[in-house]
1. Of the candidates Val205, Val301, Val350, which one comes out as most mobile in a Gaussian network treatment of the chain with C-alpha springs shorter than 10 Å?
2. Multiplying the sequence separation of Asp60 and Val255 by 0.36 nm and subtracting their Cα-Cα distance, what value in nm do you get?
3. Between Leu44 and Arg239, what FRET efficiency follows from the Cβ-Cβ distance if R0 is 25 Å, with the result rounded to 0.05?
4. Please calculate how many Å² of accessible area segment 264-326 carries per residue, with a 1.4 Å probe and no DNA, RNA or ligand atoms counted.
5. Rounded to the nearest 0.05, what FRET efficiency do Ala323 and Ile216 give with R0 = 22 Å and r taken as the Cβ-Cβ distance? Could you check?
6. Tell me, what is the per residue accessible area of segment 86-217 in Å², probe radius 1.4 Å?
7. In Å and whole numbers, how far do the C-alpha atoms of the chain stretch along each principal axis, longest first?
8. Given 4 °C and 1.567 mPa s, compute D for segment 184-262 with the Stokes-Einstein relation, Rh being the Kirkwood radius over Cα pairs; round to the nearest whole µm²/s.
Amino acid sequence: MIDKTCYLQGIKLPISEYINQSQDWKDCVLGIQCYAGDVLNRNLDKTVPIQCVPMMRLDDGDSICDIWLSNGDVQVRSTQYDAINYRYDGDVAFGVITLSEAMFTASTDKTSFQQATEAAYNQIFSLLDLLSLPYLFRIRNYMAGINDESFGLERYAQFNLGRQDAFLAHGRDIEGNVPAACALGFESIGAEQNSLTIAFLAGRVMPKSIENPRQISAYQYPQQYGPRSPTFCRASLVRLGVDDILFLSGTASIVGHETLHPSDVVAQTRETIENIKAVLAEANRQLKETKFELSTLHYTVYVRHHADLDLIRNELKRYVGDALQAVYLQANVCRQDLLVEIEATAGHSVMISASRVEQN
Ligand code: 3EB
C-alpha cells in the first residue's frame, strides 16, 4: 500500500476515510492538516502532529485532511520540541506549531501578533538546527484576522515582520533560497484563542526555489504592501527518492507586484491559472523535462466569498479539464482585493482519495 521508493507521499482524504485506515498505515503518517469548520469537535489521534485549520470546506460536506506519509522504512516517532509537535523519519520532518498571541505582550516596537509569529519561526528554525535538517520545503501559515488592522498595521504585515526577523536571526536567506508557502486567514475567534498555526515540511535535500517570470519575487515586493516583504518563493521542487515533488505556493491574481482585476473573480481565477502555468513552465525548464502540467496537479483553492465557488470552479475546469482534482476552502486572502488564492502539489506520490491509496 505504501510505495517504498517514495520518501514522502501526500494524500488528501476526507476525515471519515482517514479515521478508517489501518493502524499500520497510520504508523507511517508524518503529520496531518485537517480543514474543518468544526475542527475542535473531531476526535483525532493525539500522537500524530495535526494542524487543525478552522476553515470550512465548500465543495463537500465532509472535512478534508492533507496527510503526509513516510515510506515506512524507518519508524516515525512523535516528538515535541518547545511548542512544536513533529514527526521525523530521518529524511523528512513534518511539524505543527500553534500559538496564541495572548501569550505575548506588545512592546513599543513589536505587536503581540508579530511576536507570536517571530517566536513560532524561531522555534521552527531551532528545531531544524537541532535535527540538522536544513531545508524547508513548504510552510502553510494560517492566522486569525489576516486583513484586520491593529497598532496601525495590517496583521499580515505584522506577520511578515515577525517571519523575516526570525529568518534573519537564524542566518537564513530572505531572498532566493526561501521556502514555498501560503498565508491565509480564518475568522478571528478572539485574542485568547489560538491565532496562528504553522505547519512545515522539512528535509535533508536542498529544494530548487522557483520564481515566476510574470511576477516580481515576493521577497522583492515594494514597501507599499508592508514594511517587510514576504519571505517565500513561488514553488519549491524537491527530489525525494525516485520522485520529484513540486510544492506550488499560494498563487493569486498578481502580475508584477500589483493585483489585477480587483472585483472580477472570474478574471482573477484566469490570471491565477496563467501564473500557475508560468511557474510550471519554469519548473519543467529547470528539470529539462515536461513533468508538470495543469491537469496533474492537486489543488487547494482558497475562496474569499462562498458565493464565488461555482464561478471559480467552472473557470478552473475550463483550463484544467475534467480531470481537475481540487478542494475548496473558505478563507481570507492576504490582500483585501484578492478573491481567490490557489495552491498546488504535484508528483507521482501525491494522491487525492482513499481508492487511489488502495491501488498502491
Ligand atoms: C502573493 O502572491 C499572494 O506570505 O507566505 C501567497 C503565498 C501569498 C504565500 C506568504 C502570500 C504568501 O503575494 C499571497
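The values are calculated or read from the model by the stated rules, or taken from the named source; none is laboratory data. As the structure is a prediction and not an experimental result, all values here were calculated from the model. All Cβ positions, glycine included, derive from the backbone under ideal geometry; neighbour counts span all protein chains shown. Protein only, heavy atoms only, side chains kept; ligands, DNA and RNA dropped before computing areas. Shrake-Rupley method; radii C 1.70, N 1.55, O 1.52, S 1.80 Å.
1. Val205
2. Numbers: separation 195, 0.36 × 195 = 70.20 nm, distance 3.16 nm.
Value of the extension gain: 67.0 nm.
3. 0.20
4. Values: 2850 Å² over 63 residues.
Heavy-atom accessible area per residue stands at 45 Å².
5. Working: r = 32 Å, r/R0 = 1.45.
The computed FRET efficiency comes out at 0.10.
6. Details: 4670 Å² over 132 residues.
Spelled out: the 1.4 Å probe surface of segment 86-217, per residue, equals 35 Å².
7. Cα spread of the chain along its principal axes, largest to smallest: 53, 46, 41 Å.
8. Working: Rh = 15.3 Å.
Here the translational diffusion coefficient equals 85 µm²/s.
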